[in-house]
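Here the structure is laid out as structure tokens; the discussion comes afterwards.
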Amino acid sequence: MLSHRAGCVGLVVVCALLAAACDLNKYTLGGDRQDAGAGDGGGDGDGGGGVDAETDGPTDAAVDGCVAVTETCNDRDDDCDGMIDEGFDTTIDPRHCGGCNRACAQPNTAGTCVDSACRYECLPGWVDRDGDASNGCDYFCTPTNGGVEVCDLADNDCNGEVDEGLMLEDDVANCGRCGNVCRALNATPICDAGTCAYSACDDGFADIVPGVAGCEYQCPVFPALAETCNNLDDDCDGAVDEGTLPGVGDACNPSGFGDTGECALGALQCSFGTLVCAGWVGPATETCNDLDDDCDGDFDETFDKQNDPRYCGGCTPCSLPHAVAGCALGACTVAACLSGWTDADGDPSNGCEYQCTRTGPEVCDGIDNDCDRLVDTDDPDLIVPTVNFCRTAGTCAGTAPTCGADPCTGAVAWQCEYGGATEDDACGDLPLQEALCDGQDGDCDGRIDEAYPTLGDDCHDGGTGDCRGFGELACAAGGLGLTCAISQPGAAPAAEACDDRDNDCDGDIDEDAPDAVVHVEHGPTSFYVYAFEASRPDARSDDFGVATHRSCSKPGVLPWRNVTHAQAAAACLAAGRRLCTEAEWQLACEGAAGLRYPYGDTYLPTACNGRDNDPDCTDPDDDEVVPTGTRHGCPAPVVSQCVSPFGAYDLSGNLREWTATAVGASAFRVRGGGFDNVAQGLTCDLAFIALDPGFAFANLGFRCCSDTP
């Protein structure tokens, strides 16, 4: 490496040569003496250090403008001490081997520097396979088996090749590939061009099965011989008694008849080690076939072809339909007809061609009973029924038996062919009971639509309340079933009235139905009271009714009587009201003026319905209840006079009325008098009557009050 001092000498030389262009700095280079060690490479052994051997050390002098930094190996004086790259030995430093920044570093190696040259050692597990130091150790491999290649699918010598140099073409232990051991059954195995084979079979064995390595077959005879008929594999080829054998194929016939008639010669064959004669034919029992079966030179000599119907004119038996065959001069004849058949045309070729068994006179059965070739209605001798067994009622009128086939079974017999509106089935049979509702006698039993016993019964359309329409059950379209024919259509929904009917058709009866009430007002007192005595919802002018689900207030109906206190209170509550108190009742009767009677202070015998009143004008002693708010008495008034100043009717007479006022612990006040009371009992202020709450009588009723209309 060039030292700092040597550089100065060179610089002086250059400046001397080029004095016109080079002017040395007034400071010395490399120390206080320019000539110390200049040009001789001497110094302190550091490759040309910059300190004179005769001085005590480097001086503080520096080149103008030098800024000191840490010295690095870069051929410059970084620390401005007059020396270049001091502290770096490029002869042994692997980072700067032979020069600055020449590092001994290659992939997968450990590098060292010796005499300014890099030397490399591969790291464990790595090999320099290509011998090129510039790319380091390029192959990852650890030698095995001492670095000697063996057949183990591994690169034992780490040369980049696996199992190279091995004899896989002929190695029986590694034939074609490592570990492929050649084996052969009963033979010597070999490896031929990398394929297992065998050289020769062991003595006494042969290879007869392709695909099996070796010689799997053990010879039954050893050494092998020529094949003979002995049931042995003499030639050890896996086959027994094969090929051309002595005697096989020679002609033979064990019967001794040779080939006369139907007899035939056979040929010797080897069968399970024995020579046998195969295919020969010997004599047989003579049969009628125009052949010499028994090999005697004649054929069919034992058969009578002139008279025997089994062989008539040849070897074919006579076969005549429905007949027993005979034979005459070699021709078939009819010897007799089978039972039920006759030879009507005399032609033996068709045997007995007419089927007929006489069973008596002709009847309707599809058979020629009298065998006159006329069947059933074609025969004038046909016997017809003397009694008409067909149904003749209703729609079957005029039906008579006819001879024909049953439409279902096909059997011929006397049939009743019904038509019109009858309900006979596909077989022509009438039903046990008609199914259609059509106003017809479909089963001809004299009754119409008897399968529908409810026909004509009352029915409705399923509507609700007054909207329900009523009618009668009638036959449905098509005759299958019944339908309700509405004759009284239901009404349109209307406002609900207290009449035991569902007027608005909502499924409820008398709910929220209005009552006739009057408003009673006197001073601070204000309430509403029934304008008429309470009546049952279904009451009429001539009927007290039976409904008990609530009370009503309406004119012209018989009031609710024979009622207990609890029943009266419950009926008012169901109507959304209550029983009137005694004070309310009296105020409603006498008015603000305090009248003695509802109509005034003077008693009028015919004004209200009391004992002095004759409601029907026929018997003055006939006491009875009259409809609410009606005219009554004799002579009959134009309008009812039994009305209070507030407009409430019948508060005097007709029926006594329960109140809600208790008297003592076990009675309730009753006011107003009834149809059987005299004048003193009909006043508005009579208040001495109190009854047990369970009491009920024909002259006792009630009316209801409420705080709102």
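Things worth noting here:
- Extension gain from ALA566 to ASP457, taking 0.36 nm per residue of separation minus the Cα-Cα distance: 35.0 nm
- Packing, taken as the mean count of other beta carbons within 10 Å per residue, orders the peptides 221-232, 493-504 from highest to lowest as 493-504, 221-232.
- Pairwise label distance in nanometres, VAL639 with ILE367, each label 7 Å out on the Cα-Cβ vector: 10.4
- Global form of the range 427-555, assessed from the alpha-carbon gyration tensor, a/c cut-off 1.5: prolate
- With respect to the chain, whose longest principal axis is taken over its alpha-carbon atoms, helix 565-574 is tilted by about 50°.
- With Cα atoms, 0 to 90° folded angle of helix 4-17 axis to the chain main axis: 70
- Label separation (ALA103 vs ASN307): 13.9 nm, computed from points 7 Å beyond Cα along the C-beta direction.
- A Förster radius of 22 Å combined with the Cβ-Cβ distance from SER199 to VAL221 puts the calculated FRET efficiency at roughly 0.40.
- Here's how it looks for GLY326: its modeled amide H is under 5 Å from those of THR333, VAL334, ALA335, which are all 5 or more places away or on a different chain.
- Rounded if a/c under 1.5, otherwise prolate or oblate - the range 79-170, Cα gyration tensor axes: prolate
- Projecting the Cα atoms of THR91, GLY160, PHE646 onto the dipole axis of the chain, where Lys and Arg carry +1 and Asp and Glu carry -1 at the beta carbon, places PHE646 farthest toward the positive end.
- Fraction of antiparallel bridges per DSSP, the chain only, in percent to nearest 5: 95
- The charge dipole of the range 497-709, taken about its Cα centre with unit charges on the Cβ atoms of Lys, Arg (+1), Asp and Glu (-1) only, comes to about 580 debye.
- Added length on full extension, which subtracts the Cα-Cα distance from 0.36 nm per residue, ASP298 to ASN145: 45.2 nm
- A Förster radius of 35 Å, combined with the Cβ-Cβ distance separating ALA284 from LEU338, puts the computed FRET efficiency at roughly 0.50.
- Applying 0.36 nm per residue to the separation of THR70 and SER487 and subtracting their alpha-carbon distance, the gain on full extension is 137.2 nm.
- Separation of the range 468-482 from the range 319-336 is 76 Å, based on Cα centroids.
- Here the peptides 399-407, 466-474 are ranked by packing, the mean other Cβ count within 10 Å, and the order with the highest first is 466-474, 399-407.
- Charged-residue dipole, Cβ positions (Lys, Arg, Asp, Glu), the chain about Cα centre, Debye nearest 20: 6140
- Separation of the range 174-238 and the range 659-686, taken as the distance between their Cα centroids, equals 141 angstrom.
- Relative packing of 130-142, 522-534, which averages over residues the other C-beta atoms within 10 Å, highest first: 522-534, 130-142
- When the charge dipole of the chain is built from unit charges on Cβ atoms (+1 for Lys and Arg, -1 for Asp and Glu) and taken about the Cα centre, the candidate among LEU275, PHE688, ALA435 whose Cα reaches farthest toward its positive end is PHE688.
- Where the Cα pairs of the chain fall when distances are cut into 20 Å bins, in %: 10, 12, 8, 9, 10, 12, 17, 17, 4, 0
- When only alpha carbons are used to place a centre, the range 95-150 and the range 514-579 end up 128 Å from one another.
- Spherically averaged projected area of the range 99-230 from its Cα convex hull (nm²): 11.8
Just so you know, all these numbers are worked out from the coordinates, no wet-lab data involved. No experiment lies behind these values; they were computed from the predicted model shown. Heads up, the Cβs are rebuilt from the backbone with ideal geometry, glycines too, and the neighbour counts pull from every protein chain shown.
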